[in-house]
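Presented below is the structure to which this report refers.
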Amino acid sequence: MPYWYYDKKDLQNTPSYREGIPNDTENRYRKEGARFIIDTGSKMDLGYNTVATGVVYFHRFYMFHSFRTFPRYITACCCLFLAGKVEETPKKCKDIIKVAKSLLTEQKFGTFGDDPKEEVMTLERILLQTIKFDLQVEHPYGYLLKYVKCLKGDKAKLQKMVQMAWTFVNDSLCTTLCLQWEPEVIAVALMFLAGKLSKFEVVDWNGRQPKHNAWWDMFVEDITMELLEDICHQVITELIGATRIGKIVSKINVGRSQCIKWIAL
Amino acid sequence: MSASSSSQAATTVTSVNDVSALFQNEKKYEELNIIGTGAYGTVYKARDLHNSGQIVAMKKVRVPLTEDGMPLSTVREIALLRQLEAHRHPNIVRLLDVCHGGQAMDREQLVLYLVFEHVEQDLDSYLSRAPGPLSQARIRCMSYDILSGIDFLHSHRIVHRDLKPHNLLVTSAGRVKVADFGLAKTYDTEMKLTSVVVTLWYRPPEVLLGVSYNTAVDVWSCACVLAQLHSRRALLPGAADTDQLHRIFRLIGRPPREQWPENVSVMIDSFPDYEPQDLADVIPGITPLALDLIKGMLVFEPSKRLTAMDCLEHPYFTEEPLM
């Protein structure tokens, strides 16, 4: 069975990097591709699972191919197209292309070639081979819901926390976190971050055992504080880039200093 | 197409089709010989060149492409097969890899290769090579293996549809693994293109009558296989659809009129009012509990048949002594 997780060294030495694309540029391409899948997906009323599956395909694809060889927006379209089939929310290729065209500049859409549909069809076969037909992908969303059911505390606060964690999962799609950690681990980290930012401390949970130091010990073994902070840091960096941090600060009503402290993790 | 002046000028390739020619897989498998040719394609014995020459079984399936590329049903079925593999069920053949033939330019069809672990023999050849009757302990162990595999598939909403000794692999340790499942819809399209005779011997009446069916079909087929473990010959070796139905009704009796499904082209009156036979006479030497189990599986009405899970909990498996 294929293994889809990489350490940070592998994530720097990618096919794109080897073809002369700096890491920063590649990360921007990844973010733009992911964002484009999210935007196209939501415009077509595709669910969060389909969108997330498409984004994971996209990230995996570029662990084997270079952005120089495969322009990002057409790959993104193809990933969403295939994800639609897998998640049983199929969309016609020509409809996806139509939406893509409406979202992209003429120049960017130019990378789709003379016959965009035929290009996507060809790319589908390359994509399938690249992701080794490993089509079913799990996402952190389901784990968030599973975890929150076990936590004890004020219902409204828990609700707020899980909602915030949910948006962090959306944001995490623009990072390479899905190439680093299993969805269970990402869900724990982002729930932890949401708890911190909404000033909700989980002190008790169902199924607690003496050996448990934190609620997540119940679900995933060996999660260190270092690991959680690393994951949170990656998502927060993404948020700063998206200039959404200000919005979050005002929405969750924590002091900016508190947030900065978190950013400085 | 896009002679852009931005920083990505050098990165844009005008067409994916241009680059697909460059995209070639390095050879991963070396075909050795044909193991079998079935209705669904050809199975090759092959060497995994990336894995110290491990011997594998490669199944070649032709998938006709639709206007929207890979058919939805095939995508779904392969996704599910891949997902099942994560469970590594001991009675399910391992799916090691899925790849395609690389002819990225062929717009009509895609040649898919499903790479499975290679198991030396199937139950068909195992039974024909057996020097004498199998021991009761061996029969029970194999029966349990088969039903466990089927129950696992059913719990993932997969109907095998074509269970027979040929699709049951026997490892060198004598354990049974179920093979050849999960691509029913993909096969359907391919089946129309080939005209290979499919064995009817393990088909339940609802399939022969052409009415809708569910997981219960596999339980019927299992019963035929289990009976065969005891007698080492096929229980219902019919020659054609009608003959198969005659043989079934001669064994279990013609069903009462009210059980005959509606909207079936075959009339119940085209069969004599057969009386059920005693299964103990047909499978000599079978133990009472084994007999009771098989009887519970060979029931005309699918909804009255035991489920695979029921079978696993049957006293035949749970009550100790075996003579």
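The values are calculated or read from the model by the stated rules, or taken from the named source; none is laboratory data. Everything numeric in this text was worked out from a predicted model, so none of it was measured. Cβ: placed from backbone, ideal geometry, glycine included. Neighbour counts: every protein chain shown. Note: areas computed on protein heavy atoms with side chains; ligands, DNA, RNA excluded. Shrake-Rupley method; radii C 1.70, N 1.55, O 1.52, S 1.80 Å.
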- Query: How far is the Cα center of the range A:121-157 from the Cα center of the range A:1-47, in Å?
  - Reply: 16 Å
- Query: Taking the Cα centre of each part, how many Å lie between the range B:63-116 and the range B:208-286?
  - Reply: 34 Å
- Query: Taking springs between alpha-carbon atoms closer than 10 angstrom, which of A:V185, A:V120, A:V203 fluctuates most in the Gaussian network model of chain A?
  - Reply: A:V203
- Item | Two-site label geometry, B:K295 and A:V203: point separation in nm, points 7 Å out along Cα→Cβ | 6.5 nm
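At a Förster radius of 30 Å, what calculated FRET efficiency corresponds to the Cβ-Cβ distance of A:E226 and B:L49, to the nearest 0.05?
0.15
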- Query: Residues of the range A:8-130: accessible area per residue at 1.4 Å, in Å²?
  - Reply: 38 Å²
- Could you state the accessible area per residue of the range B:26-117 in Å², with a 1.4 Å probe and every protein chain left in place? 45 Å²
- Message: List the pairs from A:K9/B:K45; A:K9/A:K85; A:K132/B:K59 whose alpha-carbon separation is above 27 Å, in the order I gave them.
- Response: A:K9/B:K45; A:K9/A:K85
- Pick out which of A:V51, A:V148, A:V188 has the largest mean-square fluctuation in a Gaussian network model of chain A, springs linking Cα atoms closer than 10 Å. A:V148
- Message: If you take every residue apart from A:C178 with its C-beta less than 15 Å away from the C-beta of A:C178, what net charge results, scoring Lys and Arg +1 and Asp and Glu -1?
- Response: -4
- Item | Anchor A:K199: lysines whose Cα lies under 24 Å away (excluding residues fewer than 8 positions away in-chain) | A:K146, A:K149, A:K152, A:K155, A:K157, A:K160, A:K247, A:K251, A:K261
- Message: Let me check I've understood the local charge: for B:A308, count other residues with C-beta under 11 angstrom from its C-beta, Lys and Arg +1, Asp and Glu -1. What total comes out?
- Response: -3
- Message: At 7 Å along Cα-to-Cβ for each site, give me the label-to-label distance between B:A137 and A:A214 in nm.
- Response: 5.2 nm
- Place +1 on the Cβ of every Lys and Arg and -1 on the Cβ of every Asp and Glu in the protein assembly as shown, take the dipole about the Cα centre, and give the residue among A:I223, B:F317, B:H50 whose Cα lies farthest towards its positive end. A:I223
- Query: Roughly how big is the B-A contact, given as buried accessible area in Å² (both sides, 1.4 Å probe, nearest 100)?
  - Reply: 3700 Å²
- Query: Among the residues of the range A:107-133, which ones have their accessible area go down by 40 Å² or more when all the protein chains sit together, as opposed to their chain alone (1.4 Å probe)?
  - Reply: A:Q107, A:T111, A:K117, A:E118, A:E119, A:T122, A:R125, A:I126, A:Q129, A:K132, A:F133
- Query: If the chain between B:R175 and B:N263 were fully stretched, how many nm would it gain, using 0.36 nm times the residue separation less the Cα-Cα distance?
  - Reply: 27.5 nm
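Could you calculate the contour length gain from B:E67 to B:M309, that is, 0.36 nm times the residue separation minus the distance between their Cα atoms, to one decimal place in nm?
83.0 nm
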- What is the average number of partner chain Cβ atoms found within 10 Å of a Cβ in A:87-96? 2
- Query: Where Lys and Arg each count +1 and Asp and Glu each count -1, what net charge lies around B:L84 among other residues with Cβ under 15 Å from its Cβ?
  - Reply: -2
- Message: If a paramagnetic tag sat 7 Å from the Cα of B:D124 along the Cα-Cβ line, which residues of the range B:210-240 would have the backbone N under 14 Å from that point?
- Response: B:234
- Note on the structure: Averaged over the residues of A:20-30, the number of partner chain Cβ atoms within 10 Å of each residue's own Cβ comes to 1
- Name the long-range amide H neighbours of B:H118: under 5 Å, sequence gap of 5 or more, or other chain; modelled H, no Pro or chain starts. B:A57
- Query: What does the highest-first list of A:205-215, A:229-239 look like by mean Cβ count within 10 Å?
  - Reply: A:229-239, A:205-215
- Item | Modelled FRET efficiency - R0 45 Å, B:R233 with A:N23, Cβ distances, 0.05 increments | 0.10
- Item | Protein accessible area in the range B:26-117, 1.4 Å probe - carbon and sulfur % | 48 percent
- Gain on full stretching of the segment that runs from A:D45 to A:D95 - 0.36 nm per residue minus C-alpha separation: 16.8 nm
- Note on the structure: Partner shielding of B:60-72, as the mean number of partner chain Cβ atoms within 10 Å, equals 4
- Query: What ranking, highest mean first, results for peptides B:142-155, B:167-180, B:277-290 when packing means the other Cβ atoms within 10 Å averaged over each residue?
  - Reply: B:142-155, B:167-180, B:277-290
- With R₀ set to 35 angstrom, the calculated FRET efficiency between the beta-carbons of A:Y5 and B:T242, to the nearest 0.05, is 0.05
